[in-house]
1. List the residue pairs whose Cβ atoms are under 8 Å apart, where the first residue sits in segment 37-51 and is on the phi < 0 side of the Ramachandran plot and exposed (fewer than 10 other Cβ atoms within 10 Å of the Cβ), the second is modelled with pLDDT of 90 or more and in a helix (DSSP H, G or I), and the two are 6 or more positions apart or on different chains.
2. Could you tell me whether segment 53-60 includes any residue that is surrounded by 10 or more Cβ atoms within 10 Å (Cβ to Cβ), within 12 Å of the chain's Cα centre (by Cα) and modelled with pLDDT under 90?
């Protein structure tokens, strides 16, 4: 009888130990999920920042290109006007 009581007590202790481990694992899994969500959110924010910066760089490069093209056009127009004046005097 005592042997049975001892075995029952041992089993109760093992069940209690397993329940505590189970609770600890559930807590650790929840913490791990939170870390994954935070890291994923951080990565998503970095992607948005990257895309915004790339868009800005592309826009700036386009503006620079158009400015250069306009400058060349203006220079050519001025040269044409000067040549017209020169040719009128000849």
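1. Note: no pairs meet the criteria.
2. Looking only at segment 53-60, we keep the residues that are surrounded by 10 or more Cβ atoms within 10 Å (Cβ to Cβ), and these are 53-60.
Within this subset, residues satisfying the condition of being within 12 Å of the chain's Cα centre (by Cα) are 53.
Subsequent filtering for residues that are modelled with pLDDT under 90 retains 53.
Within segment 53-60, one or more residues are surrounded by 10 or more Cβ atoms within 10 Å (Cβ to Cβ), within 12 Å of the chain's Cα centre (by Cα) and modelled with pLDDT under 90.
The values are calculated or read from the model by the stated rules, or taken from the named source; none is laboratory data. The structure displayed is predicted, hence computed values, not measured ones. Note that we place each Cβ from the backbone using ideal geometry, even for glycine, and neighbour counts take in every protein chain shown.
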